[in-house]
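Take a look at the structure below.
The values are calculated or read from the model by the stated rules, or taken from the named source; none is laboratory data. Because the structure is predicted, anything quoted here is derived from the model rather than measured. Every residue, glycine as well, gets a Cβ built from its backbone with ideal geometry; the counts of neighbours run over all protein chains shown.
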Amino acid sequence: MIRFEHVALGYADRPVVQDVDLEVPDGKTMVILGDSGSGKSTLLKGVLGILKPQAGQIEVNGSNVGDLEENELLAYRQRIGMVFQEGALFDSLTVGENIGFWLWEHTDWNDEKIEERIRTLLRFVGLESVIDKRPDELSGGMKRRVAIARSMAPQDPLVMLYDEPTTGLDPFTSRSICDLIRQVQSEFQVMSLVVTHDLHDAFRVGDLFSFIHDSRVILTGNREKIERSDDPFIRTFLST
Amino acid sequence: MMTLFLEKALRFFEPVGSFVLMVSRGFRFMFSRFRIGDTLIQMDRIGVGSIPIVFLASIFAGLDMALQFEVVMAPYGAKALLGKVVTTSIIRDMGPVLASLVMSARVTAGIASELGMMNSTQQIDALRVMGVDPLDRLVAPRLAAGLVMMPILSIVGDFLALLAGLGISVAVGHVPAPLFWSGVRDALTAQNLTNAFLKPLFFGFILTSIGCHYGMRTSGGAYEVGRSTTKAVVAAAVWILISNFLISKLLINIWGLSA
Ligand SMILES: Nc1ncnc2c1ncn2[C@@H]1O[C@H](COP(=O)(O)OP(=O)(O)OP(=O)(O)O)[C@@H](O)[C@H]1O
Ligand SMILES: [Mg+2]
């Protein structure tokens with residue numbers, strides 16, 4: 001379970017979001033919606049422990065992320081898959097090296113074993129043929145798939161975080177990425193947090209939805225609750 | 001009032017603090033966990049890639065210096081000293097400074113823009129999330145490569161400059177080659193050789209550390225990357241010139257004026 005309790009997160013003294021209460025039950029996917037600059041990526045940085053809460057606490061499976069030491073964070077992050085906005089693949093490495101990066105850095109596996117793992121992951125995201133390509137030879141959708149594969153390299157993930165996984169993609173590719181997210185979810189029974197500002201994609205992948213506006217969470221609930229809301233911000237969001 | 005002043009002072013010194021922190025942690029990684037593979041790649045890119053431009057610059061500096069000194073010294077009948085004067089000015093100053101300034105255009109700009117781009121595309125965040133310290137993986141190998149390659153390039157460049165100087169002195173100044181060489185040998189004093197080695201070592205550190213500093217602090221898009229790259233090159237050039245003067249002064253203080 002991921003639980004935010006009265007969390008404030010921000011840079012320097014300025015809070016970007018405050019008083020956030022969220023709860024993602026095991027095996028569920030929560031979608032975070034909000035306009036650009038509202039602090040969606042910032043929330044993910046909180047879950048990753050890159051950013052410490054200025055107030056409140058973030059709890060993932062019983063451990064308080066803000067309290068973890070640097071070496072505990074390392075172990076903690078092994079069970080978290082993070083898919084960055086735009087993928088953030090290392091462009092000096094091949095696709096295969098990107099996916100195997102974590103294994104080369106942190107395990108003493110030999111090359112064959114790592115390559116086998118890379119191939120398994122690429123097969124899972126449907127891209128076995130690009131193993132020796134460089135990221136800049138891939139299309140946007142392929143990059144996101146590779147990023148998803150890379151984020152699952154350490155071991156089977158417990159939590160998956162996706163930062164705008166479909167932004168800038170055509171509707172078909174967006175859809176296939178959403179299907180992939182669902183597939184990861186059902187295969188590994190992970191908890192997921194998906195950040196997006198696309199409502200269609202949100203409803204395609206999510207079980208729960210949470211809206212951020214004016215640095216606060218203004219509504220959390222399932223699809224029904226969202227669609228019944230008469231909050232003006234949410235109504236505009238729904239009508240686009 | 002006081003706190004406002006303090007805040008301003010802190011903001012002014014904050015880059016200095018983060019530079020010192022970056023460098024000290026970078027060195028710690030270099031000694032605790034040396035990444036030989038990454039360092040070799042950087043040595044190739046920083047050093048081997050710079051060979052043509054550094055050597056070309058050195059050769060022309062040697063040619064020109066011999067030409068000019070010949071003009072100055074011929075009226076005094078001091079041509080016999082040409083070898084010593086050319087060598088001294090090349091290995092003490094011209095060689096290291098010129099090689100490093102040429103390198104800063106290539107190396108500092110390359111590092112600042114590469115790391116800046118990695119930062120703005122979240123590749124550096126991705127490294128952190130994957131449990132790898134960017135200072136370990138990116139900064140330490142570049143610092144190490146700069147420290148190793150800059151002295152090598154500079155000293156080979158000095159040698160080429162001397163050969164070029166010899167060529168001009170013989171061809172234009174009609175100085176006998178053995179006379180020139182004995183001047184060269186006279187100039188290879190402990191103080192001069194210390195200059196020849198210490199300066200490029202220090203400049204190699206300036207080139208790479210300033211490139212890393214600006215690169216790691218870049219946020220934003222292509223525009224910001226371009227701006228911080230330009231700033232990095234200017235800063236590297238300025239610090240090379242300033243530290244050149246300071247090292248010269250320091251070594252003269254140590255050795256006295258014994259040349
Ligand atoms: N590293 C940083 N340092 C300082 N301020 C930051 C930093 N990153 C983000 N911010 C600020 O925090 C606020 C929220 O940023 P965040 O990236 O979380 O927004 P977002 O909701 O993900 O937006 P988008 O949809 O555009 O990705 C913005 O106002 C931004 O300027
Ligand atoms: Mg974002």
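On the basis of being within 22 Å of A:V125 (Cβ to Cβ) and either surrounded by fewer than 19 Cβ atoms within 10 Å (Cβ to Cβ) or not assigned by TED's automatic domain parsing to the domain that holds A:L121 (or both), does A:S215 make the cut? The answer is no for A:S215.
When the residues of region A:55-97 are filtered to those that are free of Cβ contacts under 8 Å to residues at least 24 places away in the same chain and within 21 Å of A:G39 (Cβ to Cβ), the one that is surrounded by the fewest Cβ atoms within 10 Å (Cβ to Cβ) is A:N64. Screening region A:12-28 for residues that are more than 16 Å from ligand 2 (Cβ to nearest atom) and in a strand (DSSP E or B) and picking the one that is modelled with the lowest pLDDT gives A:R14. Can you name the residue in region A:83-119 that is closer than 12 Å to A:A153 by Cβ, modelled with pLDDT under 90 and within 11 Å of another protein chain (Cβ to nearest Cβ) and is also farthest from ligand 1 (Cβ to nearest atom) among such residues? The residue in question is A:H106. Out of the residues in region A:127-181 that are within 14 Å of chain B (Cβ to nearest Cβ), buried (at least 18 other Cβ atoms within 10 Å of the Cβ) and within 16 Å of ligand 1 (Cβ to nearest atom), which is nearest to B:V132 (Cα to Cα)? Ranking the candidates gives A:A147 first. Residues in region A:32-54 that are away from ligand 1 (no atom under 13 Å from the Cβ) and surrounded by 20 or more Cβ atoms within 10 Å (Cβ to Cβ): 2 in all.
When B:L246, B:L198, B:L257, B:L241 are checked against the criterion of being of a type outside the set (K, R) and assigned to a loop (DSSP other than H, G, I, E, B), B:L257 stands alone in meeting it.
Region B:92-137 holds helices (runs of 4 or more DSSP H) entirely within its bounds, and those carrying 2 or more residues that are within 14 Å of chain A (Cβ to nearest Cβ) and crowded, with 22+ Cβ neighbours inside 10 Å map to B:109-120, B:123-129. A single entry from B:S120, B:S89 fulfils the requirement of being closer than 26 Å to B:L193 by Cα, in contact with a helix residue (DSSP H, G or I) (Cβ under 8 Å, 6 or more places away or on another chain) and among the polar types (S, T, N, Q): B:S89.
Given the criteria over 15 Å from B:A187 (Cβ atoms), among the small types (G, A, S) and either away from every other protein chain (no Cβ under 14 Å) or assigned to a helix (DSSP H, G or I) (or both), does B:A80 qualify? Spelling it out, it is not the case that B:A80 is over 15 Å from B:A187 (Cβ atoms), among the small types (G, A, S) and either away from every other protein chain (no Cβ under 14 Å) or assigned to a helix (DSSP H, G or I) (or both).
Taking the criterion of being in the same structural domain as A:R182 (by TED's automatic domain parsing), within 26 Å of A:D231 (Cβ to Cβ), within 13 Å of ligand 1 (Cβ to nearest atom) and hydrophobic (A, V, I, L, M, F, W, C), would at least one residue in region A:6-19 satisfy it? No, the conditions are met nowhere in region A:6-19.
The residues of region A:49-82 that are facing chain B (nearest Cβ under 10 Å) and touching a strand residue (DSSP E or B) at 6+ places or on another chain (Cβ under 6 Å), listed by number, are A:I80, A:G81, A:M82. Listed here are the helices (runs of 4 or more DSSP H) enclosed by region A:105-215 that have at least 1 residues being farther than 30 Å from A:D21 by Cα: A:111-124, A:140-151, A:171-188. Of all residues assigned to region B:141-164, none qualifies as being surrounded by fewer than 20 Cβ atoms within 10 Å (Cβ to Cβ), more than 14 Å from B:I53 (Cα to Cα) and among the charged types (D, E, K, R). Count of region A:29-59 residues, restricted to those that are within 16 Å of ligand 2 (Cβ to nearest atom) and of a type in the set (S, T, N, Q), is 4. Being of a type outside the set (S, T, Y) and over 28 Å from A:L93 (Cα atoms) holds for only one residue in B:I206, B:I152, B:I124, B:I210, and it is B:I152.
With A:T173, A:T167 as the choices, which residue is modelled with pLDDT under 90 and in contact with a helix residue (DSSP H, G or I) (Cβ under 6 Å, 6 or more places away or on another chain)? Just a single option satisfies the conditions, and that option is A:T173.
Could you check, for region B:184-197, whether at least one of its residues is among the β-branched types (V, I, T) and free of Cβ contacts under 8 Å to residues at least 24 places away in the same chain? No, region B:184-197 contains no residue that is among the β-branched types (V, I, T) and free of Cβ contacts under 8 Å to residues at least 24 places away in the same chain.
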